[in-house]
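Read the figures in this text as sums done on the coordinates, not as results from a lab. What you are looking at is a predicted structure, and each value in this text was computed from that prediction instead of being measured. As a convention, Cβ positions derive from the backbone with ideal geometry for all residues, glycine included, and neighbour counts pool all protein chains shown.
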Amino acid sequence: MSNEAEFLDHIEKNRGIIYKVINLYANDLEDKKDLYQEVVFQAWKSHANFRADSKFSTWLYRVSLNVSMTHLSKSKKMTTVKENTNPADHEERFELSERAEILYCAIRNLNELDRGIIMLHLDGYNNTEISEISGISKVNTGVKLHRIKQQLTSILNH
Amino acid sequence: MNIQEEWANLNQEVIIKSDSELAEFGRTIKRESGNLLDKLQKNVEIKLAWARGIGLVALIIAVFSPAPLNYWLFAIFIVYQLGSFFSIREKNQLRYKADYGGVTRTVITQQLDVIKRILKIEEIWGYVFIPLAGPAGLFLHYLYNGKTLKEIITMPNMAYLLFGLLLLGIPGVYLAKIMNYYAIGKYVARLKENLKQFEE
């Protein structure tokens, strides 16, 4: 995949992955735009290292998560995302249905790494794959997932 | 609530809504990263290039200056070259090309390591080059006010004045450290916090 148009086609087809990730890491529309562009830019820069034997979607997931976890928001809100997870506070963010909003906020209440782990898990990645993407041991991934699910259940049941 | 089922529904909603907000960015790649790390690396490059240029200016002026000013200027040139040498050596060890397709933990660890090295370069740069900013400013001030280089360098007590200005660089170094802390501190704190989450 050497050509820019071809690369952008792949991005277009897999844009849902970027959307999902940035929506859980950026707070407002400005941050989202910024982060989206940064993910595409870094993916373009790193895509020479993309191995054709792995899935583009998995690779893009990695890039999106890594960029989101290391990107510093222009509006300086990303580091305080946990303090700003009340649905009513997200005036700039699009409105989700009530049920989706509850789950969305529950996940945003987790720490940044846990958000990535549960996202991968819910998208069908197994513990080995999550371990390979994040760098946490397989055993620890299982332990973390168990804890995250408990946390989520607790938040959702309130 | 079935989390898996809700997640699938949430995804559908997120994609539809995000398309309306972000579709305009989907067909282009911006040309410059907004990432702080990339900016830091660029800043270091600019500073080193600037330092090399100033060092050469000091050498040229030294050639045409009488003693003891020429000794000071030669010393400045040598110090600049040494500073540049150590800074460039440190920079060459960086060889960092961000690969965001890598393992998350490694990406964060690498970035922290790169920042540490960049700060080391900044420190070398600060100790060597900031103290010389005062003397350079003094020269420019006189040149701007119409004095010739010969008049400036033959002014009484010029060598002592330059030495005094060199000493003023000490608070300058301290100030630069504080500025670096404010510029990078938040980014480093975020990376460290994320890395800590891997241990929990």
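Some observations on this one:
- Fewest-first ranking of B:193, B:6, using other Cβ atoms within 10 Å as the exposure measure: B:193, B:6
- Average partner coverage of B:4-17, which counts Cβ from other chains inside 10 Å: 6
- Averaged over the residues of peptide B:38-48, the number of Cβ atoms from other protein chains lying within 10 Å of each residue's Cβ is 0.
- All Cα pairs of chain B, percent lying beyond 30 Å: 45
- Cα-Cα separations in segment B:98-138 greater than 13 Å, expressed as whole percent: 63
- Entries of A:13/A:55; A:13/A:144; B:47/B:91; A:20/B:39; A:33/B:17; B:47/B:177 with Cα pairs more than 19 Å apart: A:13/A:144; A:20/B:39
- Cα-based Rg and Dmax for segment A:95-158, where Dmax is the largest Cα-Cα distance (Å): 12.1, 37
- Computed over segment B:1-112, Cα set: Rg, Dmax in Å: 25.5, 85
- Computed per residue of the protein assembly as shown from DSSP H runs no shorter than four, each worth -39500 (n - 2.57), the mean residue ellipticity at 222 nm is -25500 deg cm²/dmol.
- Dipole orientation for chain B: of the candidates B:75, B:102, B:63, B:63 has the Cα lying most toward the positive pole (charges on Cβ; Lys, Arg +1; Asp, Glu -1).
- log10 of Debye I(q)/I(0), alpha-carbon scatterers only, for segment A:9-49 at 0.24, 0.26, 0.34, 0.35 Å⁻¹: -0.81, -0.91, -1.16, -1.18
- Inter-label distance for residue B:147 and residue B:4, nm, one decimal - labels placed 7 Å from Cα along Cα-to-Cβ: 8.2
- Mean partner shielding of peptide A:19-28, defined as the number of other chain Cβ atoms within 10 Å of each residue Cβ, is 3.
- GNM on chain B, alpha-carbon springs under 10 angstrom: the most fluctuating residue among B:106, B:28, B:154 is B:28.
- For the protein assembly as shown, the alpha carbon convex hull comes to 169 Å³ per residue, rounded to a whole number.
- GNM top mover of B:111, B:81, B:93 - chain B, alpha-carbon springs below 10 Å: B:93
- Considering only B:39, B:91, B:17, the mean-square fluctuation computed in a Gaussian network model of chain B, springs between alpha carbons under 10 angstrom, is largest for B:17.
- A:40, B:44 arranged by Cβ crowding within 10 Å, fewest neighbours leading: B:44, A:40
- Its residues counted as N, segment A:1-81 yields a C-alpha radius of gyration over 2.2 N^0.38 Å of 1.08.
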